[in-house]
Amino acid sequence: MKHYGIENAAVRRGSHSYEEFDTPFICSVQRPDWSSPNFTVVESIKDALIEYLNPISGKLEKMNIQEFELIDKEIVLLLDLDSANDEQKFSENLRIEKLKKISRAVPYFLLIGLVLFTFISIWSSDIGVKSNIFSNLVFLPEP
């Protein structure tokens, strides 16, 4: 995060209340039915309710502060977004990422095309179509 100019600090919550932290902030939580802790983003704190992003479902949920304290692992990551920089060369990096995705897909498209071509060739010969892909070519007479 420092690369993007985002100042950050991980602190132990200790005796601090959640209301003392500026939202959004990141913390580690673990519900009893989860095998390990997960990071979550606390979006807001209002009327003794914490709204946070459930890291498993990806949906915002609300929980009262006392219940949230039971799943909280008491580590809070604080971010100073005012000093953040945009990603350097974002447009170029986005173009490169798209090209990488396309280049990874090309072999699959070629394989699918080959399979379809083979299937159509076999199918057309099975139903008695006497066609050769070269028989449809028109050759011009030599001058």
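The values are calculated or read from the model by the stated rules, or taken from the named source; none is laboratory data. Everything quoted here is computed from the prediction, not taken from an experiment. Surface areas here come from the heavy atoms of the whole protein model, side chains and all, with no ligands, DNA or RNA. Shrake-Rupley method; radii C 1.70, N 1.55, O 1.52, S 1.80 Å.
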In terms of solvent-accessible area of protein heavy atoms at a 1.4 angstrom probe, what is the ranking of Phe25, Phe90, highest value first? Phe90, Phe25
Show me, for the range 26-38, the HN-Hα J-couplings you get by feeding each phi into the Karplus relation (A = 6.51, B = -1.76, C = 1.60, θ = phi - 60°), rounded to Hz, glycine and proline as x. 9, 9, 9, 9, 8, 7, x, 8, 9, 6, 8, x, 9
Per-residue HN-Hα couplings for the range 53-62, Karplus 6.51 cos²θ - 1.76 cosθ + 1.60 at θ = phi - 60°, whole Hz, x for Gly and Pro? 8, 5, x, 8, 8, x, 10, 6, 10, 10
Can you list the residues, at least 5 places off or on another chain, whose amide H is less than 5 Å from the amide H of Arg13, using H built in the peptide plane? Ile75, Val76
Near the amide H of Asn54, under 5 Å away, which other amide H atoms are found, from residues 5 or more places off or on another chain, if H is placed in the peptide plane? Lys59, Leu60, Glu61
Using θ = phi - 60° and the Karplus relation 6.51 cos²θ - 1.76 cosθ + 1.60, list the HN-Hα couplings for the range 10-16 in order, rounded to whole Hz, with x at every Gly or Pro. 9, 10, 7, 5, x, 8, 6
